[in-house]
Every structure is written in C-alpha cells, then in structure tokens.
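Novice: Just dropping this structure here.
The values are calculated or read from the model by the stated rules, or taken from the named source; none is laboratory data. Everything numeric in this text was worked out from a predicted model, so none of it was measured. Cβ coordinates were reconstructed from backbone atoms using ideal geometry, including for glycine residues, and neighbour counts include every protein chain displayed. Calculation scope for accessible area: heavy atoms of the full protein, side chains included, ligands and nucleic acids excluded. Shrake-Rupley method; radii C 1.70, N 1.55, O 1.52, S 1.80 Å.
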Amino acid sequence: MHLTEGEKRVALEQTGNILESYSRERGNLIPILQQVQEKLGYVPLVAMEEVARHLGIPPVDVYSVATFYNQFRLIPPGKHQIKVCMGTACHMKGGNIILDCWKRRLGIDVNEVTPDREFSLERVACVGCCTMAPVTVIDEEVHGKVTPTRVDGLLFSFGVKIPKGQQKEGEAVEQQ
Amino acid sequence: MNSSSIVAETFAKLQQKSRTAWQSLRDRPLILVGTATCGRAAGALEILKVIKEELEKHGIDAQVLEVGCMGHCYAEPLVTVYKPGFPPISYGYVTEGIAGRLVQDFLGGDDPCLEFALAALETNDMVPALTDFPRGMIEKPIILDKCGLIDPEQIEHYIALGGYAAQARALTREPEWVVEEIKASGLRGRGGAGFPTGRKWETCRLAPGEKKYVICNADEGDPGAFMDRAILESNPHEVLEGLAIAAYAVGARQGYFYIRAEYPLAVERVKKAIEQARQAGLLGTNILGSGFSFDVDVFQGSGAFVCGEETALIASMEGEPGLPRHRPPFPATAGLRGRPTVINNVKTLAYVPHIIERGAQWFRETGTAGSPGTAVFALAGKVINTGLAEVPMGTTLRQLVYDVGSGIPKGKSFKAVQIGGPSGGCLPEAALDMPIDFDSLSQAGAMMGSGGMVILDEDDCMVEIARFFLDFTQKESCGKCTMCRLGTRQMLDILEAITKGQGKPGDIELLLELAEDVKAGSLCGLGKTAPNPVLSTIRYFRDEYEAHIKERRCPALMCQELIAYYILPEKCERSCDACVGSCPVEAIYTNEDRVKVIDQQKCVKCASCLEACPPQYKAVVKLSPPELVAERGRKV
Ligand SMILES: Cc1cc2nc3c(=O)[nH]c(=O)nc-3n(C[C@H](O)[C@H](O)[C@H](O)COP(=O)(O)O)c2cc1C
Ligand code: SF4
Ligand code: SF4
Ligand code: FES
C-alpha cells in the first residue's frame, strides 16, 4: 500500500512526538511501537526507521519485532475495525461461519481493508467473553451471540445496505 | 518505636479510614452493576444508565457502584441490590425494563421483584441464597471472594474487607518467614505447570545480585480462558498485594504486570489500582514506614501466544521478538535484564495475601495433598451456566459440568471436555468422575493449563477441535525449533485433509508418530504440548477419525466439507417461508410441489435456515456425507 506524502508527514511528526518521551533503551521498543499504533492506527515503515534511529539499532531489528507480534498493523486500518473472535468457544459455536459472513459481505479477506477504507477485517484470539460466543468486536465494542443475520444488521447500522437478490457469493456489496 | 509497630499503626489508620468509607455505603440503598467485559458485552453499561436515570426521575436516594464479575457470566447483565431490611439480592438477565422495576418497585416501594431474582447473597427466609444451590455447596471462593462485590476502582473497598492486611503483616516479619510460609502452604503455580511457588521464590531470594524483579504474568493466551481477565477487572488490588508480598520476600524493588493487549479494561483497572496503592503509601518508597521500597509498572503484550512462556515474555520486555530461551538458567536466577526474576501467574499471586493472612495450614485444609487449595475454571462452550467457578482441587469433572455448570443445554448429550487449552486435551465421559488436580489431569493426557474448560456436546467434532488447536499452535509457533515449526505444519496438513474428507489410511499412525517427534524436538512448552489435543482425541475418539477417513463422514455433522444442508420434503410446511428469508445467499427456492429446496451450488453452509425453521417443523437437517442429498433426491 502506498502512503501519500501527507500521510508520511503526519506519521513522522507523530512518531517524533512520541519518541521525545522515551529514553534510548531497547526495552522501550514495544511500548513505542504500541504508542505509534495507538496514534496512527498502524505502524508505517517511515515510523519504524525513525524509531530505529532513536534507539540506535538497525531498522531491520524494529521490523522483525513489528512483524513478529500479531498486534502490529503495517497498513492503515479501515475507519471501522471488525475483529472476529476465533477462540475456542467462539470457534465451537460457529465463529468460522461468522467470519465467512463478514468476508462475503465486505468482499475482503482477513487482514484486508475495503477499497474505500471504511472497514478492515481481522481475526482475534479470544477476547475473554467466551460466554457470549460467537463474538465480533467492532471498534472496541463487543457484540455477543452473533448470527449471519446479525452481521447484516450490524452492517446496516453503519449505513451499508445489502441489496436483496443481487449479490452473488464473494462479491463486494457496497463498494464497486 | 520500632519499624514493626510503625507499620502496624500506619496500616491501622488506613484500615479505619477505609472501613468508615465502606460502612457509609450501607446507610442507604446500594445498587451494584457488574461492568466487567462480560457484563458490558451483555449490555451492562446501558443498564447502568437506566438505573441512574430512574433514580433521578423518582428522586430516590441510593448509591450506584460499578463492580466486577461474580462468575455468573451466563446471567449477565447482573445487578445486586442492598436495601436496609432486606437481604442482598442478585438479579440476572436484567433488561432495561427490569432495571426500571427494581428502582421503582423495590427501592421506591417495598416489592423486591423476586420473579427476577437469581439468588440472595446471604441465607435468609425470603429468597434462596447462592449457597443453597448445588453450585454454592461445591464452590469455595478464596481468590474470587470479593469479585463482583466491591468497586475495583476504589482501594478503600478492598482494604475495608481485609485487603492489604497481609502485606502489612508480611512487612513486620522477615522476608524468609514469608518464603517459608508460602513453601509450607504447598502453593503451586496456576500458570499451567504447577511449579511450587515457595521454591521459586527461595531460589530467587538466594540468587546473588542487588537488583531483582517480580513479574505478574497476565498474558492469558489460551483461547477459551478468561479467569485472569476477570480477576484483574474485578479485584486488581488482590493481585497487586500478592506481587508486593512476592517482591518483599525475594528482595525486589521493581515489579511489572505483563498484560495481554486484548484486555484494555484490565490494563486500565490495574493502572488505577497501582496509582491508588501509591497514594495510600502501599507502594513506593518506605512502604508503611517499613523501610521497604517497591514500585510497579504495566507492560502490555502485543498479541503473541508464546510470550506467555516466561523466557519469551522476558525477551519481549527487552524489546526483542518473543523467542523462548534455553532453561536453565531459570528466570529465578537470571531473568529480566539478566537479573533474578520471579514470574508468577495472576491467580498464583492472588492466593498469596490469603495464605499470609490465614496461614499455610489453613490453605492446606482445602484441596488434595499434592495440589492444595482451589482451582479456578472458566466454563464455556456447551454448558448451561457458563462463567467462572472456584472449586477445591479434587472436585470431579462431573460436579463441575453438572452441578456448577447445570449440564448441557438443549437436551443434548455430553461428549467431552477440553481442558487446558492448546496444551491440554479432551477428556471423554468416562473421565467425568476423575478428581481434578495437577497430577490426575496430566495422567489422563490433559493438563490443568490455565483453567480454561470448554464443554463439547454431540454436535462437536473431535477431529475438528484437534485441528483447531493445532492450527492455533502452528500459527503461534515462534519458529525457533524445526520440529515445532514444520512438524506441526505437517500434522495440521494431515488433519485438514481428514476434516475435508481427503484422509488416507495410515494417517492416524502418522499423526501419532509426528506427535512424538514434535514433543521431543521442541524447546519450550508450546511445542512440547502442541500435540496433546491430537493425542488425546485419538486416544479417546479414534472412531471419529476413522469415520472421516474411511467413510468421508463427520459423525458430529460439523466439518463443513463433509456435510450438506437439506430440507426434508415430508416435514416442510410448504406455506412457511422462514428459511427463504434467512438465507444470506438466496440459495433456497420453492419447487413445483411448493416444498422448499436448497440449491447446493449456492449454499454457503451458514446454518441460518436451520435456525430459522420453526421448531414444530424441524425440516432443515444436516447430512453427512453430502452425497446423501443426491441419493435422497433420487428416492423421491
Ligand atoms: C506457550 C506457553 C504459554 C504460556 N502462557 C502463559 C500464560 O498465558 N499465563 C501464565 O501465567 N503462564 C503461562 N505460561 C507458563 C509460564 O511460562 C510460567 O510457567 C508461569 O507464568 C509461571 O507462573 P506460576 O508459577 O505462577 O504458574 C505459558 C507457558 C508456555 C510454554
Ligand atoms: S517449541 Fe515452538 S514456540 Fe517453543 S521455542 Fe521452539 S519453535 Fe518456538
Ligand atoms: S445453510 Fe445458509 S446458505 Fe445454505 S441454504 Fe441454509 S441459509 Fe442458505
Ligand atoms: S473464544 Fe471468543 S471470546 Fe473467548
């Protein structure tokens, strides 16, 4: 994914601000990356290079940490982040069916963003609400006991209309 | 005055102040709303809002508190009402309507709305109490005792109910006494392996070095476990006190909470707890005037399961990828930044104040000789009362599933219980009467693990669950050991083929062989235990594997590729349209006999029609193997 010059500038600026409050110890690497992600929603390459310079380590070290941990996103997320729980309880209660529904409705795969950048889709391992399985988390709000119909309903609440009788399997609904 | 009496006196003042604050809550009606993550997912924040609005509207003077999780997650949102003249009563499945009635009729009038009551919190002659139910007789809350009854964000509540007294007590004794007491209690680590906590502390205490650390492991990565989250959200001070006592015992001046990224509310509440403890003089320099100094920070994990392993956890705190290291040296002698470090699980630390307060002997009175104390389980899956339960070690699985969990929903039959997450195993019906403790579980091929317990019924496929766990461990393998990285991949490929009906004769034997190799060739617990779910399901449910391989059939009707949805023409009510509207891909059409038919080419197997078909018809069924649909079609 290509970042615009504007996005790069914002990323650098924000990263710079964050780095000011951290000493140059390697142990700060993960907290810094977390801060960057919290501010920007993701960790762009330019930010990683900046962090490497600050800590005095090769950029590849930063890159290897950012890619090792599941939490870090390397591309900007959608405006709404949809995370489908794939923990044990959710899986046994049909979590994969729910994930398929989201994929079908959004027309994207896991770890992708819709072309209009409205939605991104991720899987998470257990958010600790197993008693409400299957669970989908949208923008930090936990939705329990999700069904395929509920998926449509939730999308509807974000203004996405699912035209009846038109969509074919795997086809994006809103954004063409 | 010597330092012991300074500590005692300072703490007594703190206690007095807290008790006054706690007592003042009882002057007027008090409403507790459970707003841990489970409650929030069920809508507790809306209930909280309604209650506040209603109180305002009716001009009723009552106090409203947000509390944590009482363990009855199945009945969320949960509200508890204390009204002078009545026993404290908990209400379950609270809707906005019920919340309104509680305010108007119970607080405004004198009708306790018993039709919505779950149970009373104390015995009385009006409402059955929690302890009157079979569940209440089996449960023995030690570390969950205050969860859901106090506001986790108010340190006074915890102190008023006896909190931090153990820390104050420990500070008046020698650190060696604390270590001895924990050793004598027989406390074993609740993070999975059950290592004796006292011995770990002693090693760290005796390790040479000025600087030492203590870390609370709150990474809780097992997908299906939520005990640690619930404790941190409901009573963070208990764990913080345990950590401070550990620090005093081993001689550490700095501690950390390592909390999973997926638990934002736990992070927030722990941070608040640390701040409050600092202000109360229970953390920081010269704690309670004892001369002992200790402080705590929070480190957030970044979503890697392997970082629950202690050496990987340390690596990630040092800014490295979370790769486990060889042990020995164990962290207790060379851990974080090379210094002696004690790492304990959330629950392990939560027991510590109770043991210091009431004594090692008291702790040993509960549980079994080899595993003293209680075990906290998170019940999920196909069980009626999902939630948290704390029971003495040695309780049987049957008691847990049927008495605590109230059995299997929808009249289905029990098939297995998956214990210990990705490192654990599946135990069949025959194991239900086994008393659970660290040793009996590993003998049966499972593991205590973290305490996650997922109950499976006849609709759950055992090959699929083995595949699920292996898929998880395979993705989470850090990649350092070849066997763990590639052996699990190969096992997963075989399992995937089996669940798709492409299994071959000899696959089971190959899986068993690979399992041994992966166990032997892996450095850390992740790889060493990854094959367990496969091994235990083959051991107890081999016939299911064989049905998949030989007949291309999934007996539990779960494996997507081996089933088809089918509408029984003789049962379809013809004029009913329920399934048609429910189908997200318009796969259901009406044939010339006005019977509904599923277009198998279009069907994405989402189960919506099965749910939608009214229970009096039950016309939608699953068939396995899918070829049965064509066969039926010919017969008609
Ligand atoms: C792959 C793996 C994951 C682990 N995850 C956790 C965890 O989430 N929480 C935990 O307390 N211990 C976990 N452990 C166990 C820790 O390594 C360590 O034994 C434990 O935190 C020690 O605490 P205890 O003595 O109180 O049990 C894990 C171990 C392995 C091998
Ligand atoms: S056993 Fe697996 S997770 Fe553990 S160190 Fe080896 S490769 Fe990494
Ligand atoms: S299983 Fe789902 S996709 Fe298939 S026919 Fe039923 S509702 Fe439609
Ligand atoms: S498995 Fe989905 S919340 Fe735990």
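Novice: Out of curiosity, is B:THR482 among the hydroxyl-bearing types (Ser, Thr, Tyr), within 15 Å of B:PRO324 (Cβ to Cβ) and away from ligand 1 (no atom under 16 Å from the Cβ)? Working first, answer last.
Specialist: On the way: among the hydroxyl-bearing types (Ser, Thr, Tyr): yes; within 15 Å of B:PRO324 (Cβ to Cβ): yes; away from ligand 1 (no atom under 16 Å from the Cβ): yes.
Yes, satisfied.
Novice: A follow-up question, please. Which of the numbered conditions does B:PHE377 fail, given that it passes all the others? Conditions: (1) under 25 Å from the mean Cα position of the chain (by Cα); (2) open to solvent by 60 Å² or more (accessible area, probe 1.4 Å).
Specialist: Going through (1) under 25 Å from the mean Cα position of the chain (by Cα); (2) open to solvent by 60 Å² or more (accessible area, probe 1.4 Å) one by one, B:PHE377 breaks only (2).
Novice: Considering only residues that are under 14 Å from A:GLY27 (Cβ atoms) and open to solvent by 60 Å² or more (accessible area, probe 1.4 Å), which ones fall in the stretch A:53-78?
Specialist: A:GLY56 - this is the single residue of the stretch A:53-78 that is under 14 Å from A:GLY27 (Cβ atoms) and open to solvent by 60 Å² or more (accessible area, probe 1.4 Å).
Novice: Tell me, which residue of the stretch B:257-298 that is hydroxyl-bearing (Ser, Thr, Tyr) and under 20 Å from B:MET227 (Cβ atoms) is farthest from the other protein chains (Cβ to nearest Cβ)?
Specialist: This residue is B:TYR258.
Novice: Separate question: Please work out if B:GLY322 is free of Cβ contacts under 8 Å to residues at least 60 places away in the same chain and in contact with a Ser or Thr (Cβ under 6 Å, 6 or more places away or on another chain).
Specialist: Numbers: free of Cβ contacts under 8 Å to residues at least 60 places away in the same chain: no; in contact with a Ser or Thr (Cβ under 6 Å, 6 or more places away or on another chain): yes.
It is false that B:GLY322 is free of Cβ contacts under 8 Å to residues at least 60 places away in the same chain and in contact with a Ser or Thr (Cβ under 6 Å, 6 or more places away or on another chain).
Novice: Of the residues that sit in the stretch A:53-104 and are aliphatic (A, V, I, L, M) and within 16 Å of ligand 3 (Cβ to nearest atom), which one is nearest to the chain's Cα centre (by Cα)?
Specialist: Of everything passing the filter in the stretch A:53-104, A:LEU99 is nearest to the chain's Cα centre (by Cα).
Novice: Say we look at the stretch A:148-160 and pick out the residues that are more than 10 Å from chain B (Cβ to nearest Cβ) and in a helix (DSSP H, G or I); which of these is least open to solvent (accessible area, probe 1.4 Å)?
Specialist: Initial filter on the stretch A:148-160 (more than 10 Å from chain B (Cβ to nearest Cβ)): A:150, A:153-160.
Filter once more, so that each one left must be in a helix (DSSP H, G or I): A:150, A:153-157.
Details: A:ARG150: 90, A:GLY153: 38, A:LEU154: 17, A:LEU155: 2, A:PHE156: 134, A:SER157: 85 Å².
Per the criteria, the residue is A:LEU155.
Novice: Can you pull out every residue in the stretch B:380-392 that is open to solvent by 10 Å² or more (accessible area, probe 1.4 Å) and away from chain A (no Cβ under 14 Å)?
Specialist: Within the stretch B:380-392, B:PRO392 is the sole residue that qualifies.
Novice: Kindly indicate whether B:GLU516 is of a type outside the set (Gly, Ala, Ser), open to solvent by 10 Å² or more (accessible area, probe 1.4 Å), without any contact (Cβ under 8 Å) to a residue 60 or more places away in the chain and within 27 Å of B:ALA430 (Cβ to Cβ).
Specialist: Here the answer is yes, as B:GLU516 does meet what is asked.
The rows are residues; the columns are (1) within 13 Å of another protein chain (Cβ to nearest Cβ); (2) over 18 Å from B:GLY381 (Cβ atoms); (3) surrounded by fewer than 17 Cβ atoms within 10 Å (Cβ to Cβ).
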{"site": "B:SER442", "(1), (2), (3)": "no, yes, no"}
{"site": "B:CYS461", "(1), (2), (3)": "yes, no, no"}
{"site": "B:GLU464", "(1), (2), (3)": "yes, no, no"}
{"site": "B:THR473", "(1), (2), (3)": "yes, yes, no"}
{"site": "B:SER477", "(1), (2), (3)": "yes, yes, no"}
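Novice: Which count do you get for residues in the stretch A:108-147 that are away from chain B (no Cβ under 12 Å), surrounded by 19 or more Cβ atoms within 10 Å (Cβ to Cβ) and part of a loop (DSSP other than H, G, I, E, B)?
Specialist: Number satisfying all stated conditions: 2.
Novice: Something else: Out of B:ALA556, B:ALA607, I need the residue that is in contact with an Asp or Glu (Cβ under 7 Å, 6 or more places away or on another chain) and either in the same structural domain as B:HIS326 (by the TED database) or closer than 21 Å to B:ILE465 by Cβ (or both). Which one?
Specialist: B:ALA556
Novice: Moving on to the next point. Would you mention how many residues in the stretch B:275-288 are crowded, with 22+ Cβ neighbours inside 10 Å and part of a helix (DSSP H, G or I)?
Specialist: Residues of the stretch B:275-288 crowded, with 22+ Cβ neighbours inside 10 Å: B:277, B:282-283, B:287-288.
Still in the running and part of a helix (DSSP H, G or I): B:277, B:287-288.
Residues flagged as crowded, with 22+ Cβ neighbours inside 10 Å and part of a helix (DSSP H, G or I) within the stretch B:275-288 amount to 3.
Novice: Sort out which residues of the stretch B:299-336 are outside any loop (DSSP other than H, G, I, E, B) and of a type in the set (Asp, Glu), and write them in order of number.
Specialist: B:GLU310
Novice: Moving to a separate point now. Just to confirm my filter: which helices (runs of 4 or more DSSP H) fall fully inside the stretch B:558-636 and include at least 1 residues that are more than 11 Å from ligand 3 (Cβ to nearest atom), more than 14 Å from every other protein chain (Cβ to nearest Cβ) and surrounded by fewer than 16 Cβ atoms within 10 Å (Cβ to Cβ)?
Specialist: Per the criteria, B:627-635.
Novice: If you scan the stretch B:155-185, which residues turn out to be within 30 Å of the chain's Cα centre (by Cα) and among the hydroxyl-bearing types (Ser, Thr, Tyr)?
Specialist: Within the stretch B:155-185, B:TYR158, B:TYR164, B:SER185 qualify.
Novice: When the stretch A:91-104 is examined, which residues are found to be more than 8 Å from every other protein chain (Cβ to nearest Cβ) and buried (at least 21 other Cβ atoms within 10 Å of the Cβ)?
Specialist: A:GLY95, A:ILE98, A:LEU99, A:TRP102
Novice: Mind checking which residues of the stretch B:461-503 are of a type in the set (A, V, I, L, M, F, W, C) and not in a helix (DSSP H, G or I)? If you could, list the steps in order and put the result at the bottom.
Specialist: Start the filter on the stretch B:461-503 by keeping residues that are of a type in the set (A, V, I, L, M, F, W, C), which leaves B:461-463, B:465-466, B:468-470, B:472, B:478, B:481, B:483-484, B:486, B:491-492, B:494-495, B:497-498.
Within the stretch B:461-503, B:CYS461, B:CYS478, B:CYS481 meet the criteria.
Novice: Turning to a different aspect of this structure: Based on this model, can you work out whether B:GLU220 counts as under 20 Å from the mean Cα position of the chain (by Cα), on the phi < 0 side of the Ramachandran plot and either within 15 Å of ligand 4 (Cβ to nearest atom) or at pLDDT 90 or above (or both)?
Specialist: Values: under 20 Å from the mean Cα position of the chain (by Cα): yes; on the phi < 0 side of the Ramachandran plot: no; either within 15 Å of ligand 4 (Cβ to nearest atom) or at pLDDT 90 or above (or both): yes.
When the stated conditions are applied, B:GLU220 does not pass them.
Novice: A follow-up question, please. Check whether at least one residue in the stretch B:509-519 is under 28 Å from the mean Cα position of the chain (by Cα), within 16 Å of ligand 1 (Cβ to nearest atom) and more than 14 Å from chain A (Cβ to nearest Cβ), and report yes or no.
Specialist: yes
Novice: Can you tell me how many residues within the stretch B:188-228 are closer than 23 Å to B:ALA166 by Cα and of a type outside the set (A, V, I, L, M, F, W, C)?
Specialist: 16
Novice: Could you grab me the full set of residues in the stretch B:331-368 that are touching a helix residue (DSSP H, G or I) at 6+ places or on another chain (Cβ under 7 Å) and open to solvent by 40 Å² or more (accessible area, probe 1.4 Å)?
Specialist: Within the stretch B:331-368, B:THR333, B:GLU357, B:ARG364 qualify.
Novice: In addition: What residue, of B:ARG269, B:ARG229, is within 16 Å of ligand 1 (Cβ to nearest atom) and among the charged types (D, E, K, R)?
Specialist: Selected residue: B:ARG229, the only one of B:ARG269, B:ARG229 that is within 16 Å of ligand 1 (Cβ to nearest atom) and among the charged types (D, E, K, R).
Novice: Determine the pairs where a residue that is in contact (Cβ under 8 Å) with a residue 60 or more places away in the chain, located within the stretch A:77-94, has a partner that is outside any helix (DSSP H, G or I) with Cβ atoms under 8 Å apart, the partner being 6 or more residues away or on another chain.
Specialist: Qualifying pairs under 8 Å: A:HIS80/A:GLU118; A:HIS80/A:PHE119; A:HIS80/A:SER120; A:HIS80/A:ILE138; A:HIS80/A:ASP139; A:HIS80/A:PHE158.
Novice: Moving to a separate point now. Scan the stretch B:245-274 residue by residue and report those that are over 24 Å from the mean Cα position of the chain (by Cα) and part of a helix (DSSP H, G or I).
Specialist: Listed by number, the residues that qualify are B:ILE245, B:ALA247, B:TYR248, B:ALA249, B:VAL250.
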